[in-house]
Amino acid sequence: MSVLQELTAGIENQMREVWRHLHRNPELSMKEYHTADYIEELLRESVTDGRIKRVGKTGIWVELAGKAPAAGTETIFALRGDMDALPIQEENDLPYKSAVPGVMHACGHDVHTAALLGAVKVLQHYLDRIPGKLWFFFQPGEETLSGALTFLEDPDIDFGKLSGIAGVHVAGDLDAGKVRLKEGPVLASADLIKIRVTGQDGHAAYPHNTRDPIVAAAHLIVELQTLVSREVNPLDSAVLSLGLIRGGTKDNIIARDVYIEGTLRTLDKEVRTSLQDSIRRVSRGVALALRVSIDVEIENGALPLINDSGMVKIAVNGLEKTFGAGNVVFAKYPRMGGEDFSYFTDKVPGVFIFIGAKTQGGKSVIGHTVEFYTDPQSVKSGILAFCSFALEAFGIDP
Ligand SMILES: [Zn+2]
Ligand SMILES: [Zn+2]
């Protein structure tokens, strides 16, 4: 057993308790008041030599300074864990089931928070050997894609000083005890598309006196579905799904307007920009052709999350030492889900590591569902993943 494994084993039960407490008391995005107070209190108890600072209302930034002599410019690596839960009613029958009606840690951020706290505790033991600094971001509001920005906007945090950043996320389809990662694109950008088609309402028997927004919406939807198939390089990836359409009141009334919402996902910033432009262009064209007006509003969500090859190399070396090479799995494909960790990787070389959360032999679970479940072992895996990366980044044997 390595020193890292021993130190982690020593706090595992305590961190599982923290995780269960968080799971029982979930809070929605940017409202993690109790969570932040609870974690800050635990940090103040255990951080003897370091800085703890609130970021926004519910974020926490911890800095640990290594004591080993540094060569050249200061090296800083950051570790990030998110803390928010989702508006979902938990249906699991667990002793630590959510006690908050309609709110549930259904994405495993309770695990990430407990693991990051564990990493603070463990890494303190290595400060004598660390020739630089470690930053820990306890981040709120990932699910609303607003929490990472509170860190990026904090005037005290200079992202230009960071050499690298690592984040972890539980994976409900990967056995506990394993980790998974890949180089390059990992997760997609996720933009919200809002479209309003406005025509001229009237009697359905006299369509010539109206401008029918339902027919225009139908054309628009079909045209938009050609964008991914006809304008995106087949070797790139993109999804445009329109998940909501609403318009009209009665069979014999031509509607006044139709409202459409959808999500645009890409793995590349240029593909994203060009598709956003194309959505606007096609909308203008359909509006002109069918005598309606079409307003398009695009709310930019997460960016494509791209793992830096240098950071992946560090992570893989570190993870293989601790988890064993057979437990480090390489993903073949990215996924089209979104993550606001991408705001960090856009600024700093980063790596996003998936930690197995499925009980061995159990069934896969899907995030954002009423029955999402994480194996208790995933807390330890999270601590080990964070620490493996940080130690390897500073060339320290675990
Ligand atoms: Zn989520
Ligand atoms: Zn998540």
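A count restricted to segment 348-370 and to residues that are in contact with a Leu (Cβ under 9 Å, 6 or more places away or on another chain), among the β-branched types (Val, Ile, Thr) and surrounded by fewer than 21 Cβ atoms within 10 Å (Cβ to Cβ) stands at 1.
Within segment 108-131, being under 20 Å from Tyr38 (Cα atoms) and not in a helix (DSSP H, G or I) holds for one residue alone: Gly108. For segment 326-343, a residue qualifies if it is touching a Phe, Trp or Tyr at 6+ places or on another chain (Cβ under 8 Å) and crowded, with 20+ Cβ neighbours inside 10 Å, and the qualifying residues are Glu339, Phe341.
Name the residue that is nearest to ligand 2 (Cβ to nearest atom), counting only residues in segment 169-228 that are of a type in the set (Lys, Arg) and assigned by TED's automatic domain parsing to the domain that holds Asn307.
Among those that are of a type in the set (Lys, Arg) and assigned by TED's automatic domain parsing to the domain that holds Asn307, it is Arg180.
On the stretch given as segment 326-361, residues that are assigned to a strand (DSSP E or B), more than 15 Å from Asp173 (Cα to Cα) and within 14 Å of ligand 2 (Cβ to nearest atom) total 1. For Val222, the conditions (1) assigned to a helix (DSSP H, G or I); (2) closer than 22 Å to Ile306 by Cα all hold with the exception of (2).
For segment 284-314, the tally of residues that are under 18 Å from Ser229 (Cβ atoms) and crowded, with 18+ Cβ neighbours inside 10 Å stands at 1. Quick one: how many residues across segment 103-134 are farther than 12 Å from Phe386 by Cβ and away from ligand 1 (no atom under 16 Å from the Cβ)? Residues that pass the stated criteria total 10. Taking the residues in segment 235-270 that are more than 27 Å from Leu187 (Cβ to Cβ) and of a type in the set (Lys, Arg) as candidates, determine which candidate is surrounded by the fewest Cβ atoms within 10 Å (Cβ to Cβ). Ranking the candidates gives Lys250 first.
Could we say that Ile366 is within 16 Å of ligand 1 (Cβ to nearest atom) and either of a type in the set (Gly, Ala, Ser) or farther than 24 Å from Leu79 by Cα (or both) here? Yes: the conditions hold for Ile366. Looking only at residues in segment 1-44 that are of a type in the set (Ser, Thr, Tyr) and under 21 Å from Gly59 (Cα atoms), which one is farthest from the chain's Cα centre (by Cα)? Among those residues, the one meeting the criterion is Tyr38. Listed by first and then second residue, the pairs linking a residue in segment 317-340 that is free of Cβ contacts under 8 Å to residues at least 24 places away in the same chain to a residue that is outside any loop (DSSP other than H, G, I, E, B), with Cβ atoms under 6 Å apart and 6 or more places separating them unless they lie on different chains, are Glu320/Val328. For Gly59, the requirement of being in contact with a Pro (Cβ under 9 Å, 6 or more places away or on another chain) and more than 15 Å from Val122 (Cβ to Cβ) is met.
When you check Gly147 against the structure, is it on the phi > 0 side of the Ramachandran plot and either within 16 Å of ligand 1 (Cβ to nearest atom) or at pLDDT below 95 (or both), yes or no?
No, not satisfied.
The set of residues in segment 1-32 being among the polar types (S, T, N, Q) and either outside the structural domain of Phe323 (by TED's automatic domain parsing) or farther than 22 Å from Tyr96 by Cβ (or both) consists of Ser2, Gln5. Is it true that Thr35 is assigned by TED's automatic domain parsing to the domain that holds Phe372 and within 16 Å of ligand 2 (Cβ to nearest atom)? In short, yes. Which one is nearest to Val168 (Cα to Cα) among residues in segment 89-114 that are away from ligand 2 (no atom under 11 Å from the Cβ) and crowded, with 20+ Cβ neighbours inside 10 Å? My answer is Thr113.
The values are calculated or read from the model by the stated rules, or taken from the named source; none is laboratory data. None of these values were measured; they are calculated from a predicted model. Please note: Cβ atoms are built from the backbone with ideal geometry, for glycine as well, and neighbour counts cover all protein chains shown.
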